[in-house]
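Worksheet: one structure, shown below.
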Amino acid sequence: MLLNFIFALLFISFTSALPLPALITRYHTAAAVTQTTTRTTGTTTAWLPPVGIYILPDGSSSTSTITEGQWNTYPETFTSVVNKAVAEATPTEAQTPATSVSPTPTPTTTSTTTAAAPTPESSSPTTTSLVAPTTSSIETQAPQAETTSLSPEQTNAATTTTASSSSSSFSSVSSSTNTEQAPTTSSTSTWTSTYTSTSASTSSSTTSSQSSSSSTSSGDISPPSVIVYSPYADNGGCKAADDINSDLELIASKGIKKIRSYGTDCGSLTTVLLKCKELGITVNQGVWMSQDGVDSVDDQILDVISYGQENGWDIFDLITIGNEAINSGYVTLDELIPKLNSVKSQLQSAGYNGYVTTSEPPATFIKYPTLCTEANIDIVGINPHSYFNANISPAKAGSYITSQQSQVAALCDGKSVWITETGYPSQGDTLGLNTPSAENQEIAIASIIEATGGDVTILTTYNDFWKDPGPYGIEQYFGAIHLFS
């Protein structure tokens with residue numbers, strides 16, 4: 001009995017000293033760790049289209065994107081306040097002139113040049129007379145204008161290249177083209193507008209010459225430094241030598257001492273240069289680059305070199321390789337830059353030490369600044385026109401084109417920017433604030449001469465009836481020699 005009690009006591013003591021088993025559950029929560037690795041492989045500059053905000057007379061507003069186009073030189077964002085029937089620097093009543101349009105006749109004269117150059121669309125296949133490009137621009141149409149959406153098109157008579165158009169009825173990017181479409185009157189209202197930029201830009205014929213001109217009387221405007229001259233008759237053929245000589249004598253009588261040409265045909269390297277030398281006129285000699293690509297200039301370059309080596313190079317103030325070739329879709333940037341460099345080296349090896357360039361609308365250089373920084377060109381040639389901007393009245397044409405000049409200059413590493421073509425039509429369709437008329441042509445060109453100090457190339461000497469009227473009926477009506485005193 002005692003033993004049992006002792007064993008029980010020992011058992012209780014033993015068991016009470018042992019730890020009791022327990023069920024233990026452990027939870028472990030770790031803080032989340034996020035690792036971000038950034039690798040920079042390069043920088044890409046994207047060209048973004050501007051946005052236009054239009055404030056209408058009833059207080060409402062609309063927004064539109066200015067699509068890509070050759071004259072797209074707006075700031076990133078702009079606001080346009082549109083007031084109907086208050087037209088600053090435009091006629092008090094909208095003019096919708098009935099344009100007299102003559103189809104381009106089949107030429108009867110064949111060029112004797114060996115250079116390949118474009119011909120008017122309706123010309124005979126045997127004609128090789130050059131069709132110089134005319135005008136093109138971005139246009140932002142005023143709201144409610146009765147115009148159709150306008151698309152960018154090729155400026156030359158040889159082909160028509162259609163580019164993108166704006167998705168909004170209020171704005172579109174456009175260039176005029178030599179096509180066989182007859183002009184139509186497109187607007188009956190006048191508008192006035194202002195825009196506030198949110199970004200700042202850095203400043204810096206028959207064969208008779210008489211009948212090709214709207215007038216040969218003297219005007220009151222100081223002459224420009226340069227005027228475009230084309231030795232083509234109204235039928236698209238070449239002018240006679242006597243008519244060329246008479247034309248150049250008239251140009252010289254106005255005090256204009258430099259002309260711009262677009263190609264080497266129709267006596268451009270013979271009759272024209274011979275008379276220019278006699279009159280003391282220098283030449284911005286064009287070499288036409290066609291839809292056949294960069295090599296389409298080769299024969300013309302050889303002709304220019306042959307002239308220079310036989311007669312000297314002093315007559316050439318500038319040699320322009322191609323005119324709006326990128327904008328026309330004839331060549332790409334990657335094709336044009338090495339060709340410009342190659343041609344300049346070829347000219348220098350032949351003894352020419354003057355300036356070499358190419359001409360494009362301002363937006364080409366704004367979109368592709370390497371065209372002026374990587375191409376071995378001495379100056380930058382731009383072709384700005386105000387007619388196609390529906391928000392720019394004729395009186396503002398000068399400030400408009402010089403602002404485009406400044407925009408391009410800011411991108412081109414200090415290279416000089418020359419305005420190698422600009423002007424205003426005297427007949428054609430109304431686009432926003434722009435109603436082509438003799439009065440508005442005089443207003444616009446006076447504005448251009450004042451803003452540039454006359455350091456500008458004006459398109460053109462005579463009305464060019466050898467061209468097609470174009471979709472807006474303006475292409476034949478840039479003759480301006482009569483405006484200059």
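Observations on the structure shown:
- GLU335 contributes about 90 Å² of solvent-accessible surface, heavy atoms of the protein only, 1.4 Å probe.
- Karplus-derived 3J(HN,Hα), 6.51/-1.76/1.60, for each residue of the stretch 226-241, Hz, glycine and proline x: 9, 9, 6, 10, 10, x, 10, 7, 4, 7, x, x, 8, 5, 5, 4
- Computed with a 1.4 Å probe on the full set of protein chains, the accessible area for ASP242 sits at about 120 Å².
- Given +1 at the Cβ of Lys and Arg, -1 at the Cβ of Asp and Glu and no other charges, the dipole of the stretch 226-458 around its Cα centre is 540 debye to the nearest 20.
- When you filter the chymotrypsin sites (Phe, Trp or Tyr not before Pro) in the stretch 378-466 for DSSP loop state and at most 13 other Cβ atoms inside 10 Å of their Cβ, nothing is left.
- Simple point charges give the picture: +1 on the Cβ of Lys and Arg, -1 on the Cβ of Asp and Glu, and for the stretch 336-485 a dipole about the Cα centre of about 360 debye.
- Distances between placed amide hydrogens fall under 5 Å for CYS266 paired with THR112, THR113, all partners being 5 or more residues away or on another chain.
- Database remark: amide H of ASP317 closer than 5 angstrom to the amide H of VAL283, ASN284, GLN285 (H placed geometrically; neighbours at sequence offset of 5 or more, or on other chains; Pro and chain starts carry no H).
- If the Kirkwood radius is taken over C-alpha pairs of the stretch 226-458, then at 4 °C and 1.567 mPa s the Stokes-Einstein diffusion coefficient equals 70 µm²/s.
- Ligands, DNA and RNA excluded, the heavy atoms of SER253 present near 80 Å² of accessible surface to a 1.4 Å solvent probe.
- For THR358, the residues whose modelled amide H falls within less than 5 Å of its own, excluding neighbours fewer than 5 places apart on the same chain, are ILE321, GLY381.
The values are calculated or read from the model by the stated rules, or taken from the named source; none is laboratory data. Quantities reported herein were computed from a predicted structural model and do not represent experimental measurements. Cβ atoms come from the backbone with ideal geometry, glycine included; neighbour counts cover every protein chain shown. These accessible areas exclude ligands, DNA and RNA; they are computed on the full protein's heavy atoms, side chains included. Shrake-Rupley method; radii C 1.70, N 1.55, O 1.52, S 1.80 Å.
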